[in-house]
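The values are calculated or read from the model by the stated rules, or taken from the named source; none is laboratory data. As the structure is a computational prediction, the values presented were derived from the model and not from experiment. Please note: Cβ atoms are built from the backbone with ideal geometry, for glycine as well, and neighbour counts cover all protein chains shown.
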Amino acid sequence: MNQVHQCNALVIAAPASGQGKTTITAALACYYKQQGKQVRVFKAGPDFLDPMILQQASGNVVYQLDLWMGGEQSCRQLLAEAAACADIILIEGVMGLFDGEPSTADLAARLGIPILAVIDGSAMAQTFGALAYGLAHYRQDIKVAAVIANRIGSERHHDMLIDSLPEDLPCYAALTRQRKGSLPSRHLGLVQAEEIADLEQRLMHLAEQLNINNDVVLPSTHFPVEPIISPERSLTGVRVAVARDAAFSFIYQANLDLLTTMGAELAFFSPLHSQELPECNCIYLPGGYPELHLQTLANNTAMSAAISSHYYADKPIVAECGGMLYLTESLTDKENNHAPMVSLLKGHAVLQSRFTAMSLQQVSLNGQSLRGHTYHHSLFTTDMNPIAHATDPNGKQCNEAVYQQRRLTASYIHFYFPSNPTAVAELFLP
């Protein structure tokens with residue numbers, strides 16, 4: 001008989017983006033942690049910024065759950081591993097509950113996890129109940145266990161919202177409009193956790209303000225232990241230098257886990273502050289916010305020289321989105337400030353006033369399919385010929401280019417390494 005782990009688990013969903021899913025999920029995680037519970041949090045979809053906040057709130061690493069990028073078996077395996085030691089699992093959804101393919105509702109239905117619906121009640125009264133009813137009954141293959149009333153204005157307002165709910169749909173918690181505990185954002189989403197000096201205080205404030213209805217019993221979910229399919233240790237003896245600092249922080253933890261599982265040794269460095277590369281066979285430059293650190297990056301000529309030397313020695317480099325921009329001839333921010341970059345890629349990148357791409361992506365490299373996603377505000381103008389263009393599984397006209405020069409592979413795509421370990425090994429093998 002297969003082993004099964006059991007614990008409370010909830011998908012935190014909402015009717016739309018901007019309803020406060022991250023704030024509520026972080027508040028709940030901090031609340032449970034303060035109660036001495038082991039809390040594991042996941043993020044549905046390909047997001048980097050929300051998990052940084054949620055990791056701080058829960059005290060544990062946050063992984064992404066994506067039915068398309070990682071696949072259902074991978075999602076089940078991650079959840080079963082978490083359930084082995086967790087008292088409660090929280091999964092923050094993406095966009096509105098039924099939006100996108102695959103949607104948050106698809107994830108909840110496929111994995112059999114009940115939903116906690118977060119609804120911004122700030123501009124409504126009895127319609128709150130109608131909206132909650134619609135979320136609960138739009139699809140028969142999901143279970144909305146309870147709701148959370150967010151951004152309520154007063155005790156009277158709270159009572160009106162709660163009274164509008166159907167009898168079988170309780171309100172688990174409520175949170176008033178927040179100023180002290182609000183989470184700041186910028187052009188790609190929330191501000192990175194390490195940049196919010198008082199983040200711990202904000203999270204504790206949110207947890208204290210969260211009005212929990214202890215009469216509502218949280219549902220328990222069973223998680224069968226999934227068989228672990230380990231990739232070949234094809235990177236044994238390979239040392240990967242991973243850029244990680246305020247400018248380069250968009251890294252899937254699953255990517256790092258896969259590299260180490262395949263035998264690689266990771267050595268972290270900062271393009272902002274390090275004067276030299278750690279001893280390494282290859283370099284991984286993930287995405288982030290290089291546009292916020294133009295002069296610091298430009299002034300660190302020692303690092304530019306070290307990366308160039310590595311490149312001309314025909315050693316592998318994988319550069320994603322912000323990592324790719326760092327390797328261009330120049331980068332210009334939204335205020336028209338510009339600075340020279342490493343200049344390994346011929347072309348110039350300029351930040352735009354709005355998103356220039358946001359979609360899932362799949363690309364074939366050396367006969368191997370690799371999945372990931374793209375979201376950025378910049379445009380890269382170049383005369384280089386790409387070796388491949390990605391496609392979007394939902395039919396969007398977003399086909400990110402992939403460039404290869406010597407052993408450098410660069411693209412706007414944030415690759416999800418577990419989608420094809422064999423393809424990843426080819427990118428990193430010396």
- Task: Just need a number here: residues in segment 218-238 that are among the polar types (S, T, N, Q) and touching a Gly at 6+ places or on another chain (Cβ under 6 Å).
- Result: 1
- Message: Give me the residue from segment 36-54 that is modelled with pLDDT of 95 or more and outside any strand (DSSP E or B) and, out of that set, nearest to residue 100 (Cα to Cα).
- Response: 54
- Collect the residues in segment 24-51 that are within 19 Å of residue 146 (Cβ to Cβ), buried (at least 24 other Cβ atoms within 10 Å of the Cβ) and not hydrophobic (A, V, I, L, M, F, W, C), keeping them in residue-number order. 25
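Only one of 199, 259 is out of contact with any Phe, Trp or Tyr (no Cβ under 8 Å at 6 or more places or on another chain) and in contact (Cβ under 8 Å) with a residue 12 or more places away in the chain. Can you tell me which? Give the steps one after another, and end with the answer.
Details: 259 fails: out of contact with any Phe, Trp or Tyr (no Cβ under 8 Å at 6 or more places or on another chain).
That would be 199, the only listed residue that is out of contact with any Phe, Trp or Tyr (no Cβ under 8 Å at 6 or more places or on another chain) and in contact (Cβ under 8 Å) with a residue 12 or more places away in the chain.
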- Note on the structure: The residue that is nearest to residue 373 (Cα to Cα), considering only those in segment 303-337 that are surrounded by fewer than 16 Cβ atoms within 10 Å (Cβ to Cβ) and in contact (Cβ under 8 Å) with a residue 24 or more places away in the chain, is 334
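Evaluate the following for residue 379: is it closer than 30 Å to residue 418 by Cβ and within 26 Å of the chain's Cα centre (by Cα)?
On the way: closer than 30 Å to residue 418 by Cβ: yes; within 26 Å of the chain's Cα centre (by Cα): yes.
For residue 379, the condition - closer than 30 Å to residue 418 by Cβ and within 26 Å of the chain's Cα centre (by Cα) - is met.
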- From the option list 325, 294, single residue qualifying as among the aliphatic types (A, V, I, L, M), over 28 Å from residue 238 (Cβ atoms), touching a strand residue (DSSP E or B) at 6+ places or on another chain (Cβ under 6 Å) and in a helix (DSSP H, G or I) is 294
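Answer yes if at least one residue in segment 154-169 is at pLDDT below 90, assigned by TED's automatic domain parsing to the domain that holds residue 35, part of a loop (DSSP other than H, G, I, E, B) and of a type in the set (A, V, I, L, M), and no otherwise. Break it down stepwise before answering.
Kept after step one, since they are at pLDDT below 90, are these residues of segment 154-169: none.
Within segment 154-169 (the criterion being at pLDDT below 90, assigned by TED's automatic domain parsing to the domain that holds residue 35, part of a loop (DSSP other than H, G, I, E, B) and of a type in the set (A, V, I, L, M)), the answer is no, since none of the residues qualifies.
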- Query: Going through segment 371-430 one residue at a time, which ones are of a type in the set (Lys, Arg), crowded, with 16+ Cβ neighbours inside 10 Å and under 26 Å from residue 341 (Cα atoms)?
  - Reply: 407
- Item | So residue 159, is it in contact (Cβ under 8 Å) with a residue 40 or more places away in the chain and either among the hydrophobic types (A, V, I, L, M, F, W, C) or more than 21 Å from residue 42 (Cα to Cα) (or both) | no
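Could you check, for segment 391-401, whether at least one of its residues is on the phi > 0 side of the Ramachandran plot, modelled with pLDDT under 95, more than 20 Å from the chain's Cα centre (by Cα) and not in a strand (DSSP E or B)? Show your work before the answer.
Within segment 391-401, the subset on the phi > 0 side of the Ramachandran plot is 395.
So of that shortlist, the ones also modelled with pLDDT under 95 come out as 395.
Checking which are more than 20 Å from the chain's Cα centre (by Cα) leaves us with 395.
Those left that are additionally not in a strand (DSSP E or B): 395.
Yes: one or more hits.
Would you say residue 105 is crowded, with 18+ Cβ neighbours inside 10 Å, closer than 21 Å to residue 217 by Cα and at pLDDT 95 or above?
Values: crowded, with 18+ Cβ neighbours inside 10 Å: yes; closer than 21 Å to residue 217 by Cα: no; at pLDDT 95 or above: yes.
The answer is no for residue 105.
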